[in-house]
Amino acid sequence: MIGRYESRNVGDYVKAHREILQELALLGLWRGKFLSLASLAVEKLDAAQARREVEPFVKNPEALTVWSKEFFHEVVKKITLICYL
C-alpha cells in the first residue's frame, strides 16, 4: 500500500504521483477481477439447490423465491468495493 511521502523536490513529487497512479490502476484491475469471478460463481450457481440448503435457517422461506441467477447477477452489480489508500 501507499505510505506517506517526504517529498523534498519536484522529482520526489513526480515519483510519488506515479506510484499513487500505479496503485489506483492496480486497484481497478483487482476490482474488475473480483467482479468477474463473482459473475462466474453466479453462473455456476444452482439457485434451486441453494434455496433448499438455506430454507431450514430462514424464518420466511418464501423470501427466497427471488433467488435466481438473474437476481444474484443484479446483486453482484451493486457490490461496492472500498479500499483505503
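Ranking 20, 79 by Cβ neighbours within 10 Å, fewest first, what do you get?
Final ranking by Cβ density, sparse to dense: 79, 20.
What are the radius of gyration and Dmax of segment 10-77, computed over its Cα atoms and given in Å?
20.1, 63
Please report, in debye to the nearest 20, how large the charge dipole of the chain is about its Cα centre when each Lys and Arg carries +1 at its beta carbon and each Asp and Glu carries -1 there.
It works out to roughly 200 debye.
Just to be sure I understand: with springs between alpha-carbon atoms less than 10 Å apart, which residue in 62, 74, 23 has the highest mean-square fluctuation in the Gaussian network model of the chain?
Answer for the Gaussian network model of the chain: 62.
Got a sec? Charge dipole of the chain, +1 on Cβ for Lys and Arg, -1 for Asp and Glu; which of 16, 40, 57 is way out at the positive end?
16
Could you count how many Lys pairs in the chain have their Cα atoms under 21 Å apart, skipping same-chain pairs fewer than 8 positions apart?
9
For each of 19, 43, count neighbouring Cβ atoms within 10 Å of the residue's Cβ, then give the residues from fewest to most.
Fewest-to-most ranking of 19, 43: 43, 19.
Which trypsin sites (Lys or Arg not before Pro) in segment 8-85 pass both tests, a DSSP loop state and at most 15 other beta-carbon atoms within 10 Å? Walk me through the numbers before you get to the answer.
Working: sites: 8, 15, 18, 31, 33, 44, 51, 52, 59, 69, 77, 78; in loops: 8, 59, 78.
Listed in order of number, the matching sites are 8, 59, 78.
The numbers here are math on the coordinates, done by the rules we state, and not lab data. Keep in mind that this is a model prediction, so the values were computed, not measured. Ideal geometry is used to build each Cβ from the backbone, glycine not excepted, and the neighbour counts take in all protein chains shown.
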